[in-house]
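In what follows, a single structure is set out as structure tokens and then discussed.
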Amino acid sequence: MISIQNITKQYQGVTAVKDLTLSIPPGCLFGFIGPNGAGKTTTIRILAGILLPDAGTVRIAGIDLNTRPEKAKQKIGFIPDRPYLYEKLTGNEFLKFCADIYGVGPKNFIATRDRYLSLFAMQAYADHLIESYSHGMKQRLVMASALIHDPAIIIVDEPMVGLDPAAIRRVKKLFRDLTDHGKTVFMSTHTLEIAESICDRVAIIHKGRILTQGTVAELQARAGDSHDRLEDLFLDLTGSGGIP
Amino acid sequence: MNAVILLLTPGLRGMKNQLCHRSASSIPWKLFFLALLGLCFWAGTFWISWRVLVYFSGIDEIGTLLSYKMLSMIITVAFSLLFISAVITTVSRFYLSKDLICVHAMPVAAWQVLLSRWAAAYVDGSWMVLLYLIPVLLSYVLVFDSGGLTLVLMGMAVMSLSVTASVLGGIFVIILVQVIPAGRLRSVLVVSGVLVFCLLYLAARMIRPEQLVDPEAFNTVLLYIASLETPSYPWFPGTWCFDSIQNLLEKNTGPALIDMALSWSFSLVAVLTMLLAADLYYKKGLSKSLGKKQKTVKGPDNARLMQKKQPSLTRALAFREIRSFMRDQTQWSQIFLVLALIIIYIYNFTLLPLDRSPIKAFYLQNLLSFLNMGLALFVLTAVAGRFAYPAVSMESEAFWIIRSSPVSLSRFLWIKFLVYLVPLFIMAQVLIITTNILLHVTVFMMILSIVTTALVVPPVIALAIGIGSIFADFNLESPLKSVTSFGGMVYMTACAALVAMIILLEAGPVYTIFMAGIKNRPLAGYEIAWSAVSFVLVPLICTACVIVPMRLGARHLQQRH
């Protein structure tokens, strides 16, 4: 469903992502983990069509993101790590705007909007201006807006930041439900427990390169007996485990 | 006191880093360009005030009186500007800055935080007024021949005035925030400030100051001004400053120093009063301002939504742009200013003494119509600079929504172009048609003006959107100010070059056609060819100036990291 072939991205001479190749099948909840500055957000932004790679190709549901970006983006629901929104619109107006951008008809919009507003407990705030929302409320609204057009692929950067425990549980269940229904979720996260508990496959990125990838069980098997938790493996591979 | 200085260091270091960490190639040019522009304004202010003072000094009996009256007016206006500016900057610095929560969590006394905030607000709100008072005071020193030291002492008097205005502004804000939360207060102040400015601006224009240079009315007007022996208010800080400067100009240093001491002692007492007011009310006001107020805007219900057709992508983006624009109160203050500008512009044409001019009315009307076209297009450039140029930067950090959506950047920019084209096209045509009617121009000139304006409006908007995209800054706290940046100046220069080119291309052929009409002779072959080439070049240049900046803008946005 998502095919990344040898992508490389540099910022003023500094390589953020180097020769990265990944393939994610439909219905997979893919966890993308790595330490700070590893290249996660750059990869996510390339996948969302926000950044252009210096080299390599990205195919979304078979569509080349570089040559047919609008067509490919139609298939994606993107949830960024920081929910900057149009502060002068209400939550409802923002959802309607997103629906119009993605070509969702009025009937579908009403049904989907009501479903996600209810799921994220946002009905009471839907007619309030976004400028009055808390960080968590904005994050929930972004999630609702990313799902409003029923995308085949959800790309999500640090989804749990700023959410309360109830919302985290809801989001985890939502992502599982989506993948059970054939959607693909590409999720970057720092929270290894979340990756461990809900992801079908995991890749660890460090200094712009993929160190390892596979199911959690596969990774643990590959690493040997001493690594019974994903955290141990992650710290070992990225060389950040030494606590003074 | 150390804590106060320490709290100011992040701002100072930030400024230093911004200057030092930019790439070595870009910054000197920008600095040079900005410094040159500032110097031009500075020199212009000096030249105008010097010329006026020399003119006044040549008038028997009332010359000195007029100079002092002008000084008194300048000080009163400066004090008002400093006060208004202080009110607006202190609202932001005291209650709305992003770093406030962090600063208040530090183990520093509240009065120290406030004093550091006030110092920053003082610099923000006063530097420009003080900078432009220097050439005015310098011209007084030169015309009154009162010596170089006088300028230094005058500077101290003006500094005291600015400190007083800033502190009074701070106290006013601390008290007002008890009633109105700071977020709303800033909008209320900006809108009401602009409204008052517009009314004063209109009133000042309606009293027809041009009578001062009308030989027939000159004596009556001057005698009237001289007869205005309004008593100065002894409790007004501006009076102490004025008295001090007047004494310095008349070389009465002793009384001048007494006035200055009075002024400075008041400034210091005002600072202490502000700290006392802050001790009593600041934290209360801050707590009120940090709390968010829910604003509800009810949209259409489900039944109505179902009946509506799904809007096109263009309409969806245009609606979002217009809705965000209309809900932003800071935009409204700008609209009031533009309206005042348009009214004054048209009013000026009703006062033109066309019938009393020694030049033939026919020539003059058409000459003025040409000048009018240039002026109206310059007004359009300024208005587009205020509204259309920041349009892309206004997306701010929410730009990711557009970047990740299935909309091409080119289409996104063209929609912005259309949103601003319609109102600005109407505005430009209203200006041109109304003023041409007032000038009683010929039908040919009327059609030429309308067509030229119609051709130039799209490239001006395209330059604003395109250059605004190239220099877009999504991290600005106030994107509206982006037109004063380097990119804004590039835009203004490009528009000025475009307007000048179009006017120059049209002026020659139009003059030839007129002269041929007056002399009742047919146009020569080369004249026809020249006119044809000029009139063909105009739409070609305009079209190129629409397409090129829009493409460059989209390409730059695409390549941004």
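Since every read-out is calculated from the coordinates, none of them should be taken as a lab result. These numbers were taken from a predicted model, which means no experiment stands behind them. Cβ placement follows ideal geometry from the backbone for every residue including glycine, while neighbour counts extend to all protein chains displayed.
How much length is gained on full extension from residue B:341 to residue B:33, taking 0.36 nm per residue of separation minus their Cα-Cα distance?
Taking 0.36 nm per residue and subtracting the Cα distance, the gain is 108.1 nm.
Would you mind getting me the FRET efficiency between residue B:151 and residue A:36? Use the beta-carbon distance for r and R0 = 51 Å, nearest 0.05.
Calculated value: 0.35.
Please report the antiparallel percentage of DSSP beta bridges with both residues in the protein assembly as shown, rounded to the nearest 5.
Bridges in the protein assembly as shown are about 55 percent antiparallel.
Among B:76, B:433, B:523, which residue has its Cα furthest toward the positive end of the charge dipole of chain B, with +1 on Lys/Arg Cβ and -1 on Asp/Glu Cβ?
B:433
What does the average come to when, for each residue of peptide A:50-63, you count the partner chain Cβ atoms lying within 10 Å of its Cβ?
Taking the mean over all residues of the peptide, I get 1.
Dipole of chain A, Cα-centred, from +1 at each Lys and Arg C-beta and -1 at each Asp and Glu C-beta, to the nearest 20 debye?
580 debye
Quick one: in the protein assembly as shown, what % of C-alpha pairs are over 39 Å apart?
That tail contains 53 percent of the Cα-Cα pairs.
Quick check of the Kirkwood formula: for region A:85-151, what is the inverse mean of 1/r over all pairs of different Cα atoms, in Å?
That comes to 11.5 Å for region A:85-151.
Enumerate the whole-percent occupancy of each 5 Å bin, from 0 to the last occupied one, for all C-alpha pair distances of region B:421-542.
The calculated distribution, bin by bin, is 2, 10, 16, 17, 17, 13, 10, 7, 4, 3, 1, 1, 0.
Tell me, what is the Rg over Rh of region B:63-289, with Rh the Kirkwood radius over Cα pairs?
1.04
Taking the Cα centre of the protein assembly as shown as the origin and placing charges on Cβ (Lys, Arg +1; Asp, Glu -1), which of B:331, A:91, B:462 is farthest toward the positive end of the dipole?
Checking the options against the dipole of the protein assembly as shown, the answer is A:91.
Extending each Cα 7 Å along its Cβ direction at residue B:187 and residue A:211, get the distance between those two points in nm, one decimal.
Rounded to a tenth, the inter-label distance reads 5.0 nm.
Compute the whole-percent fraction of alpha carbon pairs in chain B spaced more than 36 Å apart.
Of all Cα-Cα pairs in chain B, 49 percent lie more than 36 Å apart.
Below 8 Å, C-alpha to C-alpha, sequence gap of six or more: please give me the relative contact order for chain B in percent.
14 percent
Which longest run of chain B has no exposed loop site in it, a site being GluC sites (Glu not before Pro) in a DSSP loop with at most 10 other beta carbons within 10 Å, and the site itself not part of the run?
B:230-476
Between residue B:12 and residue B:329, with labels modelled 7 Å along Cα→Cβ, what's the label distance in nm to one decimal, could you check?
3.5 nm
For chain B, what is the calculated [θ] at 222 nm in deg cm²/dmol (nearest 500), taking -39500 (n - 2.57) for each run of four or more DSSP H residues and dividing by its residue count?
-27500 deg cm²/dmol, from helical runs alone.
Could you pull out which residues in region B:136-156 have an amide N less than 15 Å from a spot 7 Å beyond the Cα of residue B:64, following the Cα-Cβ vector?
Zone members listed by number: B:141, B:143-146.
Considering the zone a paramagnetic label at residue A:55 would reach in this model (a point 7 Å from Cα along the Cα-to-Cβ line), which residues of region A:1-35 have amide N under 18 Å from it?
Output list for this probe position: A:4-22.
Working only with C-alpha atoms, what are the Rg and Dmax values of region B:315-559, expressed in angstrom?
Both quantities, over Cα of region B:315-559: 20.0, 65 Å.
Taking Cα pairs under 8 Å and at least six residues apart, what relative contact order does region B:315-559 come out at, in percent?
Reported as a whole number, the value is 27 percent.
Contour minus end-to-end for residue B:408 and residue B:281, with contour as 0.36 nm per residue of separation and end-to-end as the Cα-Cα distance?
The residue B:408-residue B:281 span can extend by a further 40.6 nm.
Given 37 °C and 0.692 mPa s, how large is the Stokes-Einstein diffusion coefficient of chain A in µm²/s, with Rh as the Kirkwood radius over Cα pairs?
Estimated diffusion coefficient is 176 µm²/s.
Let's see if you can work this out: charge +1 on each Lys and Arg Cβ, -1 on each Asp and Glu Cβ, no other charges. What is the dipole magnitude of region A:85-151 about its Cα centre, in debye to the nearest 20?
The dipole magnitude comes to about 120 debye.
Using Cα pairs closer than 8 Å and at least 6 residues apart in sequence, work out the relative contact order for chain A, in percent.
Relative CO of chain A lands at 27 percent.
Let's test the formula: R0 of 41 Å, r as the Cβ-Cβ distance of residue B:273 and residue B:507. What FRET efficiency results, to the nearest 0.05?
For residue B:273 and residue B:507, the calculated efficiency is 0.10.
Where Lys and Arg each count +1 and Asp and Glu each count -1, what net charge lies around residue A:46 among other residues with Cβ under 14 Å from its Cβ?
With Lys, Arg at +1 and Asp, Glu at -1, the net is +4.
Extending each Cα 7 Å along its Cβ direction at residue B:500 and residue A:190, get the distance between those two points in nm, one decimal.
5.4 nm
Can you give me the Rg/Rh ratio for region B:376-492, using Cα atoms for both radii and the Kirkwood formula for Rh?
The Rg/Rh ratio comes out at 1.07.
What is the dipole size for region B:63-289, taken about its Cα centre, with +1 at each Lys and Arg Cβ and -1 at each Asp and Glu Cβ, in debye to the nearest 20?
It works out to roughly 1040 debye.
Could you work out the mean projected area of the convex hull around the alpha carbons of region B:53-165, in square nanometres to one decimal?
The orientation-averaged projected area of the Cα hull of region B:53-165 comes to 8.1 nm².
How much length, in nm to one decimal, is gained on full extension between residue B:250 and residue B:426, taken as 0.36 nm per residue of separation minus their Cα-Cα distance?
In short, 57.9 nm is gained.
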